[in-house]
Structures are given as C-alpha cells and as structure tokens.
Ligand code: ARG
C-alpha cells in the first residue's frame with residue numbers, strides 16, 4: 001500500500017500541475033501546527049522563487065484546484081503561502097480499511113531485500129553480563145526486528161569476546177587449581193575429556209580470582225599472557241580448554257540473553273575470525289594497502305577532507321600479535337564470504353567510534369567489503385544512574401544485569417500490589433513481563449547516541465512516556481474487547497467506519513501513519529521513532545476512550561465500528577512492542 005503521506009502528495013502534485021506549476025512542489029508534510037491542520041504543503045514558497053510570483057497566489061491557485069477533492073475536507077491557503085490540509089473522513093476510513101485488510105498493515109515488501117548483519121552482543125566469555133551489555137542487546141535486537149518486519153534478511157551475531165587475555169587468565173587459574181588436567185600435559189596423546197572442568201558458577205568465580213592474582217603476582221601475570229598467545233596459536237591443550245571456556249559461557253549467555261527477550265542467529269565469537277587473519281594480512285601487505293611502521297603493520301586511513309587527523313589502523317602489533325581491529329577486519333572477511341551482506345550494523349559503545357572508523361576505512365581500502373556495502377556504527381551513549389553518574393553498585397562495582405532486572409521487577413511488583421488486589425504469584429509473573437517493557441522502553445525511547453539516566457520510578461510508572469503505559473493501553477483494549485464478546489456480541493467487519501468525533505479522527509490519523517513511521521525508523525536505524533509513535537498512538541486511543549462510551553453504546557452498528565477500530569489499534573500496538581522486543585500481559 002502506498003504510504004498515506006504519498007497519497008496526499010500525489011493529489012497535491014496533480015493540483016500544482018493543473019494550476020500550471022511543476023508537480024515536484026506538491027509534497028505534503030505532517031503539520032507542525034496540529035491545532036490548525038493535519039498536513040501541510042510548503043511547496044508554494046519554493047515555487048514562488050522559481051516562477052517569480054507571490055507564494056500566496058500560487059498557494060491559492062493550488063488550493064482552488066483541490067477544493068472539490070473528496071480526500072480532503074478542508075484546504076486553506078494561508079500567509080505567506082502555506083497550504084493547510086485536513087483529510088476527509090471517508091478517505092481516512094478507507095485508508096484504514098486498506099491497512100486492516102492488508103498484510104503487515106500495508107507495509108510494502110522491499111523490491112530487493114537486503115542482507116543485514118547486526119553485531120550487537122559483544123559479551124565476553126567467562127564474565128557475567130553486566131549493565132554495560134544491556135544497551136547493545138536492547139537496541140540491536142530492536143533494530144533487527146524492525147529490519148525483519150520491513151522484509152529484510154536480518155542476521156544477529158553475538159560476536160562474543162573470546163580471544164583476549166581473559167582466556168589466558170582462566171586457563172592459568174585452572175592450572176593452579178587442577179594441575180593434573182591433561183590440557184596442561186604437553187605429552188598427552190589421548191582423547192581430552194568431553195566434560196568441561198568447571199561449571200558456569202565456577203567459571204564466574206575463576207575469572208575474577210585470576211584477575212586479582214594477576215595484579216599481585218607478576219609471574220602469574222606473565223603466564224596468563226603466554227597462555228593467551230598459546231591459545232591464540234592453537235596449541236592443542238590450550239585450544240581444547242579454551243573451547244570449554246567458550247561453550248560453557250555461551251550456554252549461560254544464551255539463557256541470560258533469552259531472559260531479556262534477545263536472541264542471535266549466529267553465536268560466533270572473535271576466535272572464529274582467526275582462520276582468516278593470516279591471508280588477510282598477507283593480501284594487505286602484498287597489495288600495498290598496509291605498510292610497516294615501527295615494526296607494526298598499519299593502514300593509513302586519512303582521507304582528504306578530514307577535519308581531524310586520524311591515526312593509522314594497526315592491523316598487526318610489532319610483536320606479531322593480532323589486535324582488536326585485526327579481529328574485526330577478519331570478521332568482515334568471514335561475513336563477506338558467508339553472507340555477502342549489503343549492510344553491517346555495529347551496536348557498540350560510542351567511545352569506540354575511532355576504532356570503527358579505522359576498521360571501516362581499512363575494510364573499504366583493502367577491498368574486504370564491496371564498495372557499495374554499507375558499514376554502519378551505531379554508537380550508544382552511557383546508561384547512568386538516577387544521579388546522572390555511571391551506573392554502579394553500592395560498593396562501586398559493576399552491576400550484574402540479573403540484579404538490575406530484579407530491581408526493576410521488584411519495583412513493578414510493588415506497584416501492582418499497591419494498586420489492586422492481586423494474587424502474589426500472578427503479580428510476580430506479570431511483573432516480569434512489565435518489568436522487561438519498562439527496562440527496554442526506558443532505553444529505546446531515547447535516541448541511542450545519547451546518554452540517559454536510568455530512573456526506575458519513572459520507567460516503571462503506568463503513566464507518561466513509559467513501556468508500562470503502552471502495555472496498560474493494550475490491556476485496556478483487550479479488556480474492552482473481552483467484555484464486548486462476553487455478552488455475545490460478535491462484530492466483525494472488513495470495514496473501518498468514518499470518524500464521528502475529533503478524538504476518533506486523531507486516533508485514525510495516528511494509525512494511518514504506521515508505515516511512514518516504520519520506514520523512517522528503519523532508514524534512520526532509530527527504534528526511538530517506534531516508541532514515539534506508540535506513545536502518541538496510546539495517547540490518542542486513551543483520549544478517544546475517555547470520551548466515548550463504547551460498551552454502553554446502544555447503536556449496535558456504531559459500536560461494532562468502534563470495535564473494529566479498537567482491534568486495529570491493538571494489533572498495531574502489539575506489533576510495535578514486538579519490534580521493541582517485549583510483549584503485553586493479559587492484566588495489569
Ligand atoms: N567485546 C567488546 C568489548 O567488550 C565489544 C565487541 C563489539 N563488537 C565488535 N564487533 N567489535 O568491548
């Protein structure tokens with residue numbers, strides 16, 4: 001289906017042409033004065049320059065051309081040359097009927113679906129998820145779901161941190177505790193045990209113990225570095241033990257991400273890119289893209305027009321070791337080979353922006369990705385506490401994600417129990433669903449690049465621009481529909497009726513903007529646009545609800561019309577929250 005704004009623009013275009021002007025001036029925008037009109041066209045101002053006429057004269061001539069058109073119920077040319085438009089009720093109802101009966105509310109399939117890889121995990125093995133992993137998980141998952149809804153082939157990759165020093169640390173600490181394990185015996189020739197020598201809880205204790213020991217014991221620290229290298233070089237026992245670290249962690253991470261409603265199509269890690277490193281570096285050297293500098297291999301990435309001086313990208317350190325950029329580049333080699341992506345989106349802390357600039361420019365320069373491949377860095381801001389300072393536990397440590405989720409769920413639970421009589425068990429179940437919405441919406445409603453303050457009281461409130469408010473609206477609609485059908489009514493119509501009040505029309509207008517909004521959210525990689533839309537939709541619904549006695553209405557046909565509108569509203573709200581990565585409970 002055509003977006004409603006395009007339908008309006010088409011009519012305007014025709015009117016400009018009939019009045020003797022170029023059709024390109026006939027473009028509609030959503031009104032920035034909703035008190036005066038719903039849509040506006042500012043084309044007369046631009047046309048005035050080209051045709052050397054007064055803008056108001058052009059606007060009037062165009063308005064006259066559309067005067068009789070039944071898509072609009074009011075068209076005004078106002079000074080200095082705006083064309084203000086109110087949509088016709090029948091036109092709007094027909095558009096909504098189309099949405100209701102179309103697949104995906106009329107969102108059109110892309111002509112050429114894109115393959116989009118979204119890299120939004122970045123959790124490190126042997127360490128529990130902490131608040132720092134919350135933002136990429138939430139934002140990335142939403143970007144993926146929006147992309148899929150739009151009809152693209154979106155692939156999420158966890159890109160685990162499984163290649164650095166923590167690997168050597170865990171290996172050495174394990175050696176101290178269980179020196180007899182075969183992994184440490186260079187002469188061992190048998191089959192290594194299938195069972196890992198640690199559980200996830202042991203692993204989570206081993207890693208910090210090793211880190212603490214490293215700080216005090218230089219000898220130990222040296223061994224950790226050595227073991228890391230041996231693991232990276234694929235030495236038998238080290239590789240085997242490393243694999244156990246990775247798989248035990250991965251299983252646990254899967255569970256924890258699942259609790260957040262986050263899943264990945266690919267559970268690859270930095271280590272999976274290693275097989276591509278050697279050839280990649282060789283190619284870069286041979287083609288002259290990379291050159292030696294103080295023993296290291298580097299790629300110059302400065303480009304004419306840069307406003308700042310950017311340091312070269314180091315792809316191999318002077319000691320021969322691969323570094324972060326090497327891994328990210330080799331991962332792109334792997335992705336190109338396996339998926340041939342049109343776009344790769346990285347959802348990573350914005351403080352890594354220089355790293356990604358270096359990686360992207362190097363990847364293009366070295367031909368690792370095709371020139372037309374879009375590499376996009378979505379650098380997110382910091383999540384701060386209510387006081388505006390980085391989120392910490394009371395004793396200054398990093399907060400485990402589980403603890404944060406629990407705090408949110410507890411706050412929601414309290415709220416439920418204080419507002420109504422609820423069964424404790426049921427309230428606890430609902431608190432989990434609502435808590436996740438509070439957490440995710442609180443994050444996603446901000447533009448990703450901005451820092452934000454995590455305010456549990458505000459995020460869990462059932463009123464205002466919050467996740468629970470959206471859920472509350474859905475629950476309210478569900479409850480009306482339930483009551484309606486309970487008394488044996490069974491409205492079911494393919495048609496959405498004309499609005500009978502201003503609030504009803506406002507609701508319908510908001511619904512009609514769904515595909516327009518979604519296209520914007522996808523093109524700008526901006527889940528906050530979905531949030532804003534759902535918030536406005538909820539508000540529009542609640543205003544309509546407060547002044548309309550739906551269930552008490554005696555005119556059955558009128559009532560049936562509203563029921564259809566409610567169903568459409570609920571469908572869209574539920575679709576929207578699914579794109580944000582959460583769902584609604586049956587009751588609140
Ligand atoms: N593991 C990294 C870290 O903890 C984040 C990885 C982000 N993704 C990437 N492709 N570099 O900082």
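Only the coordinates and a few stated rules stand behind these numbers; no lab work does. Not measured: the values here are computed from a predicted model. Neighbour counts run over all protein chains shown; Cβ positions are idealised from the backbone, glycine included.
Each peptide in 564-570, 134-140 receives the mean, over its residues, of other Cβ atoms within 10 Å, and ordering these scores from highest gives 134-140, 564-570. Cβ-Cβ distance of residue 32 and residue 516, R₀ of 25 Å, FRET efficiency by 1/(1 + (r/R0)^6): the value works out to about 0.95.
Its alpha carbons considered, region 165-239 gives a radius of gyration followed by a Dmax of 12.1, 36 Å.
Computed from the alpha carbon atoms alone, the convex hull of the chain holds 207 Å³ per residue. Subtracting the Cα-Cα distance of residue 489 and residue 395 from 0.36 nm times their residue separation leaves 28.0 nm of extension gain.
Segment residue 551..residue 354, full-extension length gain: 65.1 nm, with 0.36 nm per residue of separation and the alpha-carbon distance subtracted. If R0 equals 22 Å, the separation of the Cβ atoms of residue 323 and residue 283 corresponds to a calculated FRET efficiency of about 0.80. If R0 is 51 Å, the Cβ-Cβ spacing of residue 216 and residue 587 corresponds to a FRET efficiency of close to 0.40.
Expressed as cubic angstrom per residue, what is the convex hull volume of the alpha carbon set of region 139-181?
Dividing the Cα hull volume of region 139-181 by its residue count gives 103 Å³.
Taking each DSSP H run with n ≥ 4 as -39500 (n - 2.57) and averaging over every residue of the chain yields -17000 deg cm²/dmol at 222 nm. Considering only the Cα atoms of region 393-485, their convex hull presents on average a projected area of 7.5 nm².
Over the C-alpha atoms of region 338-415, the Rg to Rh ratio, Rh being the Kirkwood estimate, stands at 1.19.
Short to long, the 10 Å bins of the Cα pair-distance histogram for region 73-119 hold 20, 24, 25, 21, 10 percent of all pairs.
Each pair of Cα atoms in region 247-347 enters the Kirkwood radius, and Stokes-Einstein at 4 °C and 1.567 mPa s then converts it into a translational diffusion coefficient of 81 µm²/s. Over the C-alpha trace of region 356-511, radius of gyration and Dmax come out as 22.4, 69 angstrom.
Between residue 308 and residue 178, the modelled labels are 4.7 nm apart [label points 7 Å from Cα along Cα→Cβ]. Between residue 115 and residue 153, the simple spin-label model (points 7 angstrom out along Cα→Cβ) gives 0.5 nm. The listed peptides 117-127, 19-29, 90-100, 155-165, ordered by packing as a protection proxy, come out as 117-127, 155-165, 90-100, 19-29 (highest mean of other Cβ atoms within 10 Å first).
For the peptides 469-475, 212-218, 229-235, 54-60, residues were scored by their other Cβ atoms within 10 Å and the scores averaged per peptide; the highest-first order is 469-475, 54-60, 229-235, 212-218.
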